[in-house]
Amino acid sequence: MADSFTLAAQWLGQRNFLRVRVRKLAQIDKWVQQRSGNRLSVVAMAGLPSVVITVPGRKSGKLYATPLLCTPYRNGTLIAGSNFGNEKAPAWVPNLIAAIENDATIDVRILATHYPSRATQLFDDDYEAAWQAMVAKWPSYDGYAARVTRTIPVFFLEPRG
């Protein structure tokens, strides 16, 4: 059954109307996870892997939790700052880049499992290999990239310790 949901989610992800509703979808997913004690996720119910990263704000230091699509990769997880094909990068990207520069630990949660992680922004050959892995899981990434003039950043989250 997850395969049908996954196909439907992938089809929806390729539709332009979703771009303007994505913030609401992320809020709903966050609410479902909080109310279920992190046992359920709307994205996971669609058969897609997701992660919640907690990153300190680059100016405030306040911790921000952000649910994202992800791709399991090697011994960690890939995430992309696609913002569903919107020209502006998502707000969490500069915070994650600042965390990388400060060697800050990123909290990663996949449903009820938490672990500390080190984030790395990928470039060149590493970027291309990771991008292909992400597109294999969520084909809409190629559509998002075609709609924007910026390069969509890709990050690798590797467990620490």
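Nothing in this text is a laboratory measurement; each read-out follows from the coordinates by a stated rule. None of the values given here were measured: they were computed from a predicted structure. Note: ideal-geometry Cβ built from the backbone for every residue, glycine included; neighbour counts use all protein chains shown.
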Label-to-label distance, nm, for residues given as Thr113 and Arg74 (7 Å Cα→Cβ offset): 1.9 nm
Alpha-carbon Debye profile of the range 82-160, log10 I(q)/I(0) at 0.12, 0.17, 0.21, 0.24 Å⁻¹: -0.38, -0.77, -1.11, -1.27
Per-residue ³J(HN,Hα) for the range 144-154, Karplus 6.51 cos²θ - 1.76 cosθ + 1.60, θ = phi - 60°, Hz, x for Gly and Pro: 4, 4, 5, 8, 10, 8, 7, 7, 6, x, 10
Eligible aspartates and glutamates near Lys62 by straight Cα distance, threshold 18 Å, same-chain separation 8 or greater: Glu101, Asp103, Asp107
Residues of type lysines that Lys88 reaches as a straight line, Cα spacing below 18 Å, ignoring anything fewer than 8 places off in the same chain: Lys24
Zone residues, the range 51-68, relative to Asn102, backbone N less than 19 Å from point 7 Å out along Cα-to-Cβ: 53-66
Charge-dipole axis of the range 90-161 as Lys and Arg at +1 and Asp and Glu at -1 on Cβ define it, positive-most pick from Val108, Ile152, Gln132: Val108
Estimated FRET transfer efficiency (Ala65, Ala129; beta-carbon r; R0 30 Å; 0.05): 0.60
Part-to-part distance (alpha-carbon centres) for the range 63-110 and the range 125-143, which is given in Å: 15 Å
